[in-house]
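Remarks on the structure that follows.
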Amino acid sequence: QVQFVESGGGLVQAGGSLRLSCVASGTTFTSTDIGWYRQVPGQQRVFVAYIYSNGAIHYADSVNGRFTISRDTSKNTVYLQMDSLKPDDTGVYYCAMSLKGPWGQGTQVTISS
């Protein structure tokens with residue numbers, strides 16, 4: 001059973017940085033494509049960034065140039081380095097293989113203006 005555990009969220013001022021971590025289990029990590037998604041209360045989860053097992057990367061337009069996704073196969077972990085944060089980046093961040101889940105508990109990111 002695939003599981004993801006997210007961590008690293010917090011409260012930071014606009015312009016600041018955070019680094020999120022996503023530890024995967026129950027899957028062959030080296031062959032698993034994983035993405036980050038954000039959800040705001042009352043809204044659907046939206047795509048943020050994605051890293052494929054072959055190393056290809058894709059970002060949402062809203063974060064391109066500010067966020068960096070990476071993976072460490074020795075730790076079964078995917079990271080999301082978030083720089084130049086904006087209040088619109090606020091939400092609960094989840095990692096998953098797709099918008100179909102499965103979903104972990106997420107990690108809250110709050111950006112104050």
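Read-outs throughout are calculated quantities, based only on the coordinates presented, and are distinct from any laboratory measurement. Note that the structure is a prediction, hence the values are computed from the model and not measured. Neighbour counts are summed over all protein chains in view; Cβ atoms, including those assigned to glycine, are modelled from backbone coordinates with ideal geometry.
Pairs of Cα atoms nearer than 8 Å and 6+ residues apart set the relative contact order; for the chain it is 37 percent.
Taking a sphere under 12 Å around the Cβ of Thr77 and counting the other residues whose Cβ falls inside, with K and R at +1 and D and E at -1, yields a net charge of +1.
Using the Cβ of Tyr94 as centre and a radius below 10 Å, the other residues enclosed give a net charge of +1, where K and R count +1 and D and E count -1. Using θ = phi - 60° in the Karplus curve 6.51 cos²θ - 1.76 cosθ + 1.60, the 3J(HN,Hα) couplings for the stretch 62-67 round to 5, 10, 4, x, 10, 10 Hz; x is entered for Gly and Pro. Starting from the Cα of Val12, step 7 Å toward the Cβ, then list every residue of the stretch 53-94 with an amide N under 16 Å from that point. From the stretch 53-94, the list is 63-70, 79-94. Dimensions of the stretch 68-113 along the principal axes, based on C-alpha atoms and rounded to the nearest Å, stand at 36, 22, 14, largest first. Mean sequence separation of contacting Cα pairs (under 8 Å, at least six apart), scaled by the length of the stretch 15-73, corresponds to a relative contact order of 25 percent. From the largest down, the chain spans 40, 27, 22 angstrom on the principal axes of its Cα atoms.
Put simply, the amide H of Thr90, placed in the peptide plane, has neighbours under 5 Å in Ile111, leaving out anything fewer than 5 places away on its chain.
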